[in-house]
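K.L.:
Dropping the structure in here first, questions after.
Derivation of every value follows stated rules applied to the coordinates shown; laboratory data play no part. A quick note: this is a predicted structure, and the numbers were derived from the prediction, not measured. Virtual Cβ from ideal backbone geometry, glycine too; neighbours counted across all protein chains shown.
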Amino acid sequence: MPKLTDAQLAKVTSIVVAEDPMLAIRLATITQADADILGSTVEELQKVATFAALDKHARSHGQDPTDLLFILAAEDAEELARLREEHRPESMKALGLE
């Protein structure tokens, strides 16, 4: 998958949180103790929770979660096309079509 910038990830997070107010509460309640138990960081656990919410939202609306991620992260149609194109070879290989 194409690597998204920190700015793109922050943009996606703000959109997903705006759509799911309960997510904001879940993110705020993740503690350092949680991260320590799981051998992770608070930021990583928050990212996982955000992407789980994005995945759930996309699937409940019949959308591909990766494509929705790209749609939310892209600033314009050109960037969206670039993200999709960068992801295409990985998708083809995963499907055994390469």
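K.L.:
Could you grab the pairs with beta carbons closer than 7 Å, sequence gap of 6+ or different chains, first residue in region 46-65 and within 18 Å of His87 (Cα to Cα), second one surrounded by fewer than 16 Cβ atoms within 10 Å (Cβ to Cβ) and basic (Lys, Arg)?
P.N.:
Pro65/Arg59
K.L.:
Let me ask you something else. Quick one: how many residues across region 58-79 are surrounded by 16 or more Cβ atoms within 10 Å (Cβ to Cβ) and more than 11 Å from the chain's Cα centre (by Cα)? Talk me through it step by step, then tell me what you get.
P.N.:
Here is the first cut: in region 58-79, the ones surrounded by 16 or more Cβ atoms within 10 Å (Cβ to Cβ) are 58, 66, 68-74.
Adding the requirement that they be more than 11 Å from the chain's Cα centre (by Cα) leaves 74.
Residues that pass the stated criteria total 1.
K.L.:
Got at least one residue in region 67-75 being within 16 Å of Leu4 (Cβ to Cβ) and in contact with a Phe, Trp or Tyr (Cβ under 9 Å, 6 or more places away or on another chain)?
P.N.:
Among the residues of region 67-75, at least one is within 16 Å of Leu4 (Cβ to Cβ) and in contact with a Phe, Trp or Tyr (Cβ under 9 Å, 6 or more places away or on another chain), which makes the answer yes.
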